[in-house]
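The values are calculated or read from the model by the stated rules, or taken from the named source; none is laboratory data. This structure is a prediction, so every number in the text was calculated from the model and none was measured. Here the Cβ positions follow ideal geometry from the backbone for every residue, glycine too, while neighbour counts run over all protein chains shown. Calculation scope for accessible area: heavy atoms of the full protein, side chains included, ligands and nucleic acids excluded. Shrake-Rupley method; radii C 1.70, N 1.55, O 1.52, S 1.80 Å.
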Amino acid sequence: MRRFGLLSLTLLVSAVIAIAGFARPQSGPLDARQLREKLVELGYDVTDLVKEEGKEKYTVKLTKSDLDIPIGYEISPSKGYIWLTVNLGDAPAETSTKCLALLKSNGNIQPSFFYVTKSGRLMMGLPIDNRDVTNATLRLRTDQISDNVGSTKDLWQG
């Protein structure tokens, strides 16, 4: 009888944890639909930026350090990574001292990093290995990139 009670309790706890999505990793890489579902499960207000199949991109807006931070989420073409990106505006001029300061700060915020797009936008990116992704991992990395955007605002603003 005692063994049955312990087994029942163990099964109940396991079911609750699995339903919450924090204990059981997603087997294999996430697809775009699964990524969106996880963001919704985490309680984020998700906006579809790109709806074209195979190029889906979503955004979630967080407020940190007195900033509204729209974080983009997309799966890499190889399906190997989930990319979190934040558009920080126009990149500083190549001769600006800000460029070196941004480059030096990459060592402090890694695995997040600053980069400049072909169109001249300053971005912060953070890749997540698209294997065994849990809601906890997704929240941790979301908080990490938004914290890094906030803590470096003196480097990239204005």
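Is there a pair in Lys55/Lys104; Lys61/Lys98; Lys104/Lys153; Lys57/Lys79 whose C-alpha atoms are over 23 Å apart, and which pairs would that be? Those over the limit are Lys55/Lys104; Lys61/Lys98. With θ taken as phi - 60° and the Karplus curve 6.51 cos²θ - 1.76 cosθ + 1.60 applied, the whole-hertz 3J(HN,Hα) list for segment 57-73 is 9, 10, 9, 10, 9, 10, 10, 9, 6, 6, 10, 8, 10, x, 9, x, 10 Hz, x standing for glycine and proline. In this view, the solvent-accessible surface of Thr117, computed with a 1.4 Å probe and all protein chains in place, comes to about 40 Å². Would you give the gap between the C-alpha center of segment 97-158 and the C-alpha center of segment 48-83, rounded to a whole Å? If you average the Cα positions of each part, the centres end up 13 Å apart. Normalised by the number of residues in segment 56-97, the mean separation of alpha-carbon contacts (under 8 Å, six or more apart) gives a relative contact order of 28 percent. Here the translational diffusion coefficient of segment 16-141 follows from Stokes-Einstein with Rh set to the Kirkwood radius across Cα pairs; for 20 °C and 1.002 mPa s it amounts to 135 µm²/s. Putting +1 on Lys and Arg Cβ atoms and -1 on Asp and Glu Cβ atoms, find which of Phe113, Met124, Leu102 reaches farthest to the positive end of the dipole of segment 94-135. Farthest towards the positive end: Leu102. Computed on protein heavy atoms with a 1.4 Å probe, the accessible areas place Asp31, Asp68 in the order Asp68, Asp31, largest first. Quick note on segment 55-97: its Rg to Rh ratio, both from C-alpha atoms and Rh being the Kirkwood radius, is 1.10. What value in Å³ per residue do you get for the convex hull of the alpha-carbon atoms in segment 70-158? With only Cα atoms used, segment 70-158 gives 99 Å³ per residue.
Above 18 Å lies some portion of the pair distances; for segment 32-103, what is it as a whole percent of all C-alpha pairs? Every Cα pair in segment 32-103 considered, those over 18 Å come to 50 percent.
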